[in-house]
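The values are calculated or read from the model by the stated rules, or taken from the named source; none is laboratory data. These figures come from a predicted structure and were not determined experimentally. Virtual Cβ from ideal backbone geometry, glycine too; neighbours counted across all protein chains shown. Just so you know, the surface numbers come from the protein's heavy atoms only, side chains and all, with ligands and any DNA or RNA stripped out. Shrake-Rupley method; radii C 1.70, N 1.55, O 1.52, S 1.80 Å.
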Amino acid sequence: MPANSFNGHTDYGIGIGLRVPHYAHILEKKPVVDWFEIISENFMVDGGRPLQVLDQIMEQYRVVQHGVSMYFGSADKPDRAHLKKLKALVKRTKTPWLSDHLCWGSVDGTYTHDLLPMPYTFASAKRTAEKIRQIRDYLEVPICVENVSSYAEYHVSEMSEWEFLSEVVERADCGILLDVNNIYVSAKNHDFNPYDYINGVPHHRVGQMHVAGHTKFEKYILDTHDHPVLDPVWKLYAHATKLCGVTATLLEWDDKIPSFDEVHDEALKANEFIDGAKKAKNSKRAAKAGAPVASS
Amino acid sequence: MPRSISSIRATGLKAPPKHAPRRLASTNDVVKLQRLMTHILIRPLTKSDGLQPVWIDGRPMTEVAEEFIKPNDRLSAFERLQLYNRMYWFRLIDIMHDDNPGLRAVLGDKKFTRLIEAYLAKYPSRSFTLRNLCSRLGQFIREESRWTAPHTALATNVVRFEWAQTVAFDEAQLPVLSAAEIARTPPVRLRLRLQPYITLLALDYPVDTYVVAVKQRNALRTEASNAVDKVREAKQSKYVARPRRERIYVAVHRLDNWLYYKRLGRPAFLILQAIAAGQTLDDAVTAGGRRVKPEQVGGWFAMWMELGWLCRKK
Ligand SMILES: [Fe+2]
């Protein structure tokens, strides 16, 4: 959906991740960019250069917060100090929505700093949804949960990953950050059809999408974010855009980061598929209108 | 010889369940599964960067992995867990590598990596942010000097200096106290505090100049890897000699969001230390010693105020 309650009724277009090697270029050249996604944890500090840069960026651009450590799926209670810092940042950035991953990564207060796959069970869906609700109520901002890439599955799982994602977001009444590259990576690693995944999630809840590059190895695919987006991922993106509508989209490029322009140009390729989706939508509307009276 | 890293027990993490839960009926079952997997992922790697073949209860790791992880036609359950085990270690070692160039130079890369493995095996991260990954490294070296011997004293000094840089980078900056505000309260009652981003260090080695030299050497190496004619120059500067013992006093701080270190004389250091400890201005000045002249103290305070170091104690 272009704008919905899960992305704060915004229509943000195509953004890229704000990364350190690009700071100087952005601040000096002030290139036109729809929006930047920031990694919340990089700015959950009390002072210094990170916040100075953030304030300068916010003078010119819209930013959206994306987290990597909230671990909605960790059975631990949310950490109070963490939430407090996150809320301070939410107030500073006025992010219209906030995203983090549908994964776990900590237990007993010990952090792995990884995005670990969930066991797809009703018990973990229930616990995860409760936690998302608690966090959203505290932060007072819409939340979109992102599907992760994974390299392992559990025997205890009771459903597919997309059924689990749907179960969680329906229970939590929250949005989805649909990462089509992650769907592709996990589909290859776990031998499912990525189109089944995209067809199977509640499209009206998708508030944002991610595209990114990955790396193929002999026996598995790794989500490396160090390449341009591969063709099959763009195709999935086009399919998702047709089903969900034109949605705020972000390119992730986190390693071997090339020039700002190269990253931005790669992100803007999404326009091609967005135009395709818009045309398809318009012709559907026209078909409903019946026969034209006269050609203009 | 150091005791093997694999025998170190992680602090802060409860013991793993004997077996992975067969089904997840409750949150408690989810915790058990997550605890088991965390214990496996944070176990130190083997010499060939693999998952350890024997679990803590003596069972083959393949058996433990198969109990809860599904294999596919390309990867066994063991191999799938190994991917995560390796990613955990590679990621964290990389970060600590970047955050501690000085310590790395003191120990050499191989010994540094052994130290980090032992440190993270005992003290896995307890913070949501990777910024705090090194926060207990100094404590660990004091507790287990065998990983840094015979350079433990120097290593301890370097770690304190490098952690002070993390603090200086992003700690809070409080409103600065003006001269007029200071003048308003009599010195016998006035208590000040230092900016939270300042760390005062009394060190036994001149690690400030050492770490800067190491960073310059590293920068030259990076440059050299991109330019053939620089290779010889870089090779010549390969080694930065470890510093000799010398008492120094230094404040690590920031100004206009750039990091600085500033050498201090002993009396100035003692005064600042007393301020940081919450003593009154009068007592803090006394802590500087009898030989300090009032005009000297006046000059120091003028400089500290110009640098924005002094704030009101809450
Ligand atoms: Fe993503």
Mind checking which residues of the range B:244-287 are open to solvent by 60 Å² or more (accessible area, probe 1.4 Å), of a type in the set (Ser, Thr, Tyr) and over 23 Å from the mean Cα position of the chain (by Cα)?
B:Thr286
With criteria (1) within 16 Å of the ligand (Cβ to nearest atom); (2) in contact with a Phe, Trp or Tyr (Cβ under 8 Å, 6 or more places away or on another chain), A:Asn181 comes up short on (2)
Could you count how many residues in the range B:288-299 are part of a loop (DSSP other than H, G, I, E, B) and over 32 Å from the mean Cα position of the chain (by Cα)?
5
Out of the range B:71-92, which residues are of a type outside the set (A, V, I, L, M), within 8 Å of chain A (Cβ to nearest Cβ) and in contact (Cβ under 8 Å) with a residue 40 or more places away in the chain?
B:Tyr84, B:Tyr88
Residue in the range B:38-66 that is nearest to B:Tyr123 (Cα to Cα), counting only those that are in contact with a strand residue (DSSP E or B) (Cβ under 7 Å, 6 or more places away or on another chain) and either open to solvent by less than 30 Å² (accessible area, probe 1.4 Å) or part of a strand (DSSP E or B) (or both):
B:Ile42
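This table checks each residue for (1) away from chain A (no Cβ under 14 Å); (2) of a type in the set (Gly, Ala, Ser).
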site: B:Pro17; (1), (2): no, no
site: B:Ala20; (1), (2): no, yes
site: B:Lys32; (1), (2): no, no
site: B:Met37; (1), (2): no, no
site: B:Leu41; (1), (2): no, no
site: B:Thr46; (1), (2): yes, no
site: B:Gly50; (1), (2): yes, yes
site: B:Trp55; (1), (2): yes, no
site: B:Gly58; (1), (2): yes, yes
Among the residues of the range B:237-247, is there at least one that is among the β-branched types (Val, Ile, Thr), at pLDDT 95 or above, touching a helix residue (DSSP H, G or I) at 6+ places or on another chain (Cβ under 7 Å) and within 30 Å of A:Arg49 (Cβ to Cβ)?
no
For the range A:231-249, enumerate the residues that are out of contact with any Phe, Trp or Tyr (no Cβ under 8 Å at 6 or more places or on another chain), within 15 Å of the ligand (Cβ to nearest atom) and not in a helix (DSSP H, G or I).
A:Thr247
So, first residue among the charged types (D, E, K, R) in the range A:192-213, second residue part of a helix (DSSP H, G or I) and surrounded by 24 or more Cβ atoms within 10 Å (Cβ to Cβ), Cβ within less than 7 Å, six or more apart or across chains; the pairs are A:Arg205/A:Phe6; A:Arg205/A:Val169
Given (1) at pLDDT 95 or above; (2) surrounded by fewer than 21 Cβ atoms within 10 Å (Cβ to Cβ); (3) within 16 Å of the ligand (Cβ to nearest atom); (4) of a type outside the set (S, T, N, Q), index of the condition A:Asp255 fails:
(1)
Which is modelled with pLDDT of 95 or more, in a helix (DSSP H, G or I) and within 14 Å of chain A (Cβ to nearest Cβ), of B:Ala155, B:Ala164, B:Ala172?
B:Ala164
Looking at (1) under 20 Å from A:Gly73 (Cβ atoms); (2) over 33 Å from the mean Cα position of the chain (by Cα); (3) among the hydrophobic types (A, V, I, L, M, F, W, C), which is the one condition that is false for B:Ile42?
(2)
Return the only residue of B:Thr152, B:Thr166, B:Thr222, B:Thr185 being open to solvent by 20 Å² or more (accessible area, probe 1.4 Å), under 30 Å from A:Leu83 (Cα atoms) and hydroxyl-bearing (Ser, Thr, Tyr).
B:Thr166
Quick one: in the range A:130-155, which of the residues that are away from the ligand (no atom under 16 Å from the Cβ) and in contact with an Asp or Glu (Cβ under 8 Å, 6 or more places away or on another chain) is farthest from the other protein chains (Cβ to nearest Cβ)?
A:Arg133
Checking B:Ser127 against (1) buried (at least 16 other Cβ atoms within 10 Å of the Cβ); (2) in a helix (DSSP H, G or I); (3) free of Cβ contacts under 8 Å to residues at least 60 places away in the same chain: exactly one of these is not met. Which one?
(2)
Please find, within the range A:1-18, the residue that is modelled with the lowest pLDDT out of those that are under 21 Å from A:Val90 (Cβ atoms) and assigned to a loop (DSSP other than H, G, I, E, B).
A:Ala3
Do you know which residues across the range B:67-114 are assigned to a helix (DSSP H, G or I) and among the aliphatic types (A, V, I, L, M)?
B:Ala77, B:Leu81, B:Leu83, B:Met87, B:Leu92, B:Ile93, B:Ile95, B:Met96, B:Leu103, B:Ala105, B:Val106, B:Leu107
Can you pull out the residues in the range A:213-226 that are open to solvent by 20 Å² or more (accessible area, probe 1.4 Å) and more than 14 Å from the ligand (Cβ to nearest atom)?
A:Thr215, A:Lys216, A:Phe217, A:Glu218, A:Lys219, A:Tyr220
